[in-house]
Amino acid sequence: MTAYEPPSAPGTDDGYDTVVLAGGAARRLGGADKPGVRVGGRALLDRVLAACSGAATTVVVAEPRPTARPVEWAREDPPGAGPAAALDAGLRSTTAECVVVLSADLPFLDEGTVRRLLTALQEAGTEGVLLTDPGGRDQPLVAAYRSAALRRELAALRAEHGTLTGLPLRRLTGALDLTRISDPVASFDCDTWDDIAAARARIREHGHVLDEWITAVKDELGIDLDVDIGILLDVARDAAHGVARPAAPLTTFLVGYAAAQAKGGPEAVAEAARKATALALRWAAEDDTPAQPGTPTQPGIPDAGPTASSGPGSAEETGTGTGTGTDSAAPEARPDAG
């Protein structure tokens, strides 16, 4: 076993495949379809698939189902033969030297964790890198391995037992030279309904909810675009403060539309946001700029249309008009003047 301290900068995640094990009976969930259970509006399986979107090939070992991104499907033989058999089935469709192996019930797994595993595998020189949970227990389904090492040990297990059916993964990982990384958040998996409830509560906390929502919206709309959320929040704030509160969502919509029209990526969004922010600041500045000396004061401008001069609540009726005439403001012109 090798101790490992992760580097400050993530490494590359190029040239890897992913195998996601999404079978199992989910007995502690009462037999529910665990990969399809939603956390933050997204199926657990889709959350895991988003974290490994950089893989050259992603194989999900389970019965095919709709997913947010395209994947290849595989099935252990016989179905339900256990994780070792499922991993073997998934590996048959991969070709990369490194493979990320994941379960389908990891609500907090993200791309950063996947890169961290691959960086550790590259730098440590071991046969695999896996996460450990808060109790120090290995999580072999949140790991990156060298494919040749997995195939070697799977073949050895098959030769020893005649089959992989029913064999636990620890029989496989126990024979590998592994690096271990502690990560209590990314290693959190959902085995019970209490786990599901805890995951749903956490993503709604103040520090997580906005990123979770943006990610969910991008997945739902099929948008693969990483933008600086701070830029959009800034332009929304300036529009709301300097113009009117409803201007905030409308402005951010127009920023996105302009970027799409320009067929641009994050840079186009940033440029459109910069222009909209500058406009909002100029707009707001007009309220704070005093009239220049010698400039005549502009008379009030009544609202256009028939409601500006007639009807209940109009300027004429209430005596609050700012037109150049004096009749509407003079007390003697009002029927109720004493």
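The values are calculated or read from the model by the stated rules, or taken from the named source; none is laboratory data. The structure presented is a predicted model; accordingly, all values stated were derived computationally and were not measured. All Cβ positions, glycine included, derive from the backbone under ideal geometry; neighbour counts span all protein chains shown. Note: accessible area is taken over every heavy atom of the protein model, side chains too, but ligands, DNA and RNA are not part of it. Shrake-Rupley method; radii C 1.70, N 1.55, O 1.52, S 1.80 Å.
Summary table
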read-out: Centre separation in Å (Cα based) which lies between the range 220-257 and the range 83-110; value: 38 Å
read-out: Cleavage-rule hits (trypsin sites (Lys or Arg not before Pro)) in the range 180-276: DSSP loop, at most 15 neighbouring Cβ within 10 angstrom; value: ARG204, LYS263
read-out: Peptides 80-88, 15-23, 65-73 ordered by average Cβ neighbours within 10 Å, highest first; value: 15-23, 80-88, 65-73
read-out: Partner lysines for LYS275 [C-alpha distance under 21 Å; skip if fewer than 8 residues away on the same chain]; value: LYS263
read-out: The range 129-259, accessible area per residue, ligands and nucleic acids excluded (1.4 Å, Å²); value: 56 Å²
read-out: Cβ-based charge dipole, the range 1-147, positive-most Cα from LEU130, VAL61, LEU118; value: VAL61
